[in-house]
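Below you'll find the structure, written out as structure tokens, and then a few comments.
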Amino acid sequence: MWLKPEEVLLKNALKLWVTERSNDYFVLQRRRGYGEGSSALTGLLVGTLDTVLDSTAKVAPYRILHQTPDSQVYWTVACGASLEEISQHWDWLQINIMRTLSVFDSGDDITSFVQGKIRGLIAEEGKGAPDTQEQERFREAVLRFEHLFGLPRQEKLVTYYSCSYWRGRVPNQGWMYLSTHFLCFYSYLLGNEVKLALPWDEVSRLERASSVLLTESIRVCVRGEEHYFSMLLHLQQTYLLMQQLAAYAVTRLFDKETFDADHPLSDPPRITQRALEVHARNQAFRAFFRLPCEENLCEVYESFLWLPFSHHNTLGKICVSERYLCFASQDGSQCHLILPLREVVAVELVDPGSRALSVSVRGKRGFRFSEVRDFERLAATIRRKCVPSTSPQHSAVTQVSSLKERMKEQLWQIHFAEYGRGSGMFCTKKTRDLVVRGIPETLRGELWMLFSGAVNDMAVHPGYYTSLLEECMGSSSLACDEIERDLHRSLPEHPAFQTDTGISALRRVLTAYAYRNPKIGYCQAMNILTSVLLLYAKEEEAFWLLVAVCERMLPDYFNRRIIGALVDQAVFEELIRDHLTQLTDHMSDLSFFSSVSLSWFLTLFISVLPIESAVNVVDCFFYDGIRAVLQLALAVLHHNVDSLLCCSDDAEAVTILNRSLLA
């Protein structure tokens, strides 16, 4: 392998290297301790030194140096894992370089020519990619990785770290290699070789751990064995990357057909640590603010945001994507804000002294950000990105309200006056408290659209639902047959679905979604959820709410394998072990609760609760996500724990839980 030329002092190099061939301009050397006739002790010591220092010589014990007669400085130009490999480079230099060097009069000119030629060869191998010192080190790490572990040629190294692997109470200092399908480790100290290659899809547990000996470490469980890695310089960064690689491996294992084609791991040449970090950052950004799947995080700024309802500034971060300006507080106030740039009408630099700017949106509302490090750049970015457009307007459902409903409406109107309404509303602890009490029926559709982010999907895809209906109506498929079969099982007791009007709307929404997303198509429980959505939202809004649930809020729930629901069932079992120890002591097998809770998760309790109570669960779900469903499921078991402890069989336990939910 050709190497970027680096200086070597031959006086020091001779202690660890033996010259095999030489001429006036190049030297071919072999690492001491390698090859025939090498001393066992020499090989042991040199091998240990190479591992500790992460030397390329560990897997490339041959190298070629460039020299000039009038200089004591030598330059590495190539390395090889075998004599045959390095001989090919040596022969190439003899044939293509040696004759040319004789025309130069100056040693410096010779060295400059050789360095330029070698850099050109490296650039040609890398297809013109810019070469840096970091890239050179990574090239060497790839060479070591391929030589040490002998994995398939398509296996791609993502990154590598220096760390210690613990065997009992003894640490083995070495190097961790993270690739697309394997977690690898190699150590060689004084004849003790440790080599691991753990497949990501066999990792059953991955977590940070600490003990008396290990203050901070990463514990990896594979096939019942525990492996500990510590002394990592960037432990949290390493842990998050390992989590990401393990999660993607499991996704590929269970559902290869639906694995995201745009994902960095789906295209091996694009797999880099940087690509994975950017992908994870964009995913977290979209999930937190409930934004459309095409939104990517472009810029981040630390800033203070003025909160008019509490008359103080809150510290947080401004996150800017192509269509949204978002803010999340970091001081414990639990306040976040989402401003669609289509709503922005003006951006002003109000106070250069405090690096402040004001962002005005429709309705004469303004938001003041201060202490923004590069506030002028942020203002320019917002002005460039904001393109006025017509936002979807939600018309409230007119119903005769009960006294309780009118009281809830009044509380929300007060909240709107204080915190804003629609896009740009401040979401705080008070917002969550009102959601838990229940959203009034006249506002339910509007707030579901807002909290789920469906309002943004609908705004950036005007006319999409109508065109989708025109394309899919009249088509025949397995999904359409399944939809027809389940239409009359969707809330049959509700008047809205006892007429053709409600049934037809439900058919159109489900058919349009199956056409939009053939990977999911139609799955049982989608009809029940969509029925409830249609009670409080317009048909097109119900479609976008279904998109938000299936593709963003409950990914992998509604497919043939319901992987997402199975994962949350496992989480539910862990919560039972942590919070309801009486049940875990009484029942050795918690799989019963997983089977019972499956319908709870898939239908958000709609199938087991009276509709009046179920919609309150949906309220909380759209605000807090699956966490709200897990909390409710745990509360149901806690409320019935005494009765469950007295049950003699599973059937009796099911009866107790069903009776409790319907009470």
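Is the C-alpha gyration tensor of the stretch 154-254 telling us rounded, prolate or oblate? Criteria: a/c under 1.5 is rounded; beyond that, a/b larger than b/c is prolate, otherwise oblate. Prolate is the answer for the stretch 154-254, as a/c is 1.5 or above and a/b outweighs b/c.
Could you tell me which of rounded, prolate or oblate describes the chain, using a ≥ b ≥ c as the square roots of the eigenvalues of the alpha-carbon gyration tensor, with rounded for a/c under 1.5 and, failing that, prolate when a/b is larger than b/c and oblate otherwise? Prolate is the answer for the chain, as a/c is 1.5 or above and a/b outweighs b/c.
Distance from the C-alpha centroid of the stretch 571-598 to that of the stretch 271-300: 34 Å, rounded to the whole angstrom.
Evaluated with a Cβ-only charge set (Lys, Arg +1; Asp, Glu -1), the stretch 299-385 carries a dipole of roughly 380 debye about its Cα centre, given to the nearest 20.
Return the whole-Å distance between the Cα centroid of the stretch 481-546 and the Cα centroid of the stretch 219-245. Between the Cα centres of the stretch 481-546 and the stretch 219-245 lies a distance of 44 Å. For the stretch 547-553, 3J(HN,Hα) computed residue by residue from phi via the Karplus equation (6.51, -1.76, 1.60; θ = phi - 60°) reads 4, 4, 5, 6, 10, 10, 8 Hz, glycine and proline entered as x. Positive end of the dipole of the chain, charges at C-beta (+1 Lys, Arg; -1 Asp, Glu), about the Cα centre: which of Ser333, Gln67, Phe605 has its Cα farthest in that direction? Highest projection toward the positive end goes to Ser333.
Backbone phi angles across the stretch 413-427, fed through the Karplus curve with coefficients 6.51, -1.76 and 1.60 (θ = phi - 60°), yield HN-Hα couplings of 5, 4, 4, 4, 5, 8, 10, x, 9, x, 4, x, 6, 5, 9 Hz in residue order; Gly and Pro are listed as x.
Here the Karplus relation 6.51 cos²θ - 1.76 cosθ + 1.60, evaluated at θ = phi - 60°, turns the backbone of the stretch 365-376 into coupling constants of 9, x, 10, 9, 10, 10, 6, 8, 4, 10, 5, 5 Hz, with x for every Gly and Pro.
Dipole check for the chain: with +1 at the C-beta of Lys and Arg, -1 at the C-beta of Asp and Glu, and the Cα centre as origin, the magnitude is about 1060 Debye. In percent, rounded to a whole number, the relative contact order of the stretch 426-536 is 29, using alpha-carbon pairs under 8 Å and six or more apart. Each residue in His147, His227 was given a count of other beta-carbon atoms within 10 angstrom of its own, and listing them fewest first yields His147, His227. The three principal axes of the C-alpha atoms in the stretch 299-385 carry coordinate ranges of 32, 27, 24 Å, sorted with the longest axis first. Panel order for Cys335, Cys646, Cys480, by other beta carbons found within 10 Å of each beta carbon, from fewest to most: Cys646, Cys480, Cys335. Of the residues Pro555, Gly363, Phe145, the one whose Cα sits farthest towards the positive end of the charge dipole of the chain is Gly363 (charges of +1 on Lys and Arg Cβ, -1 on Asp and Glu Cβ, taken about the Cα centre). Just check the stretch 474-589 against the gyration tensor rule for me: Cα atoms, a ≥ b ≥ c as the square roots of the eigenvalues, rounded for a/c under 1.5, and otherwise prolate or oblate depending on whether a/b exceeds b/c. In terms of gyration-tensor shape, prolate. For the chain, adding -39500 (n - 2.57) for each run of n ≥ 4 DSSP H residues and dividing by the number of residues yields -14000 deg cm²/dmol at 222 nm.
Which of Val344, Gly316, Val372 sits farthest toward the positive end of the charge dipole of the stretch 299-385, with +1 on the Cβ of Lys and Arg and -1 on the Cβ of Asp and Glu? Projecting each Cα onto the dipole axis, the largest value belongs to Val344.
Close amide H pairs (under 5 Å, H built 1.01 Å from N) link Tyr324 with Leu341, residues at least 5 positions away or on another chain. Legend: ranking of residues Thr428, Thr499 from fewest to most surrounding C-beta atoms inside 10 Å; resulting order Thr499, Thr428. Normalised by the number of residues in the chain, the mean separation of alpha-carbon contacts (under 8 Å, six or more apart) gives a relative contact order of 6 percent.
Computed from the coordinates by the stated procedures, all read-outs in this text should not be read as laboratory data. Here the structure is a predicted model, which is why all the values come from computation and not from measurement. Methodologically, a virtual Cβ is constructed for each residue, glycine included, from the backbone with ideal geometry; neighbour enumeration extends over all protein chains shown.
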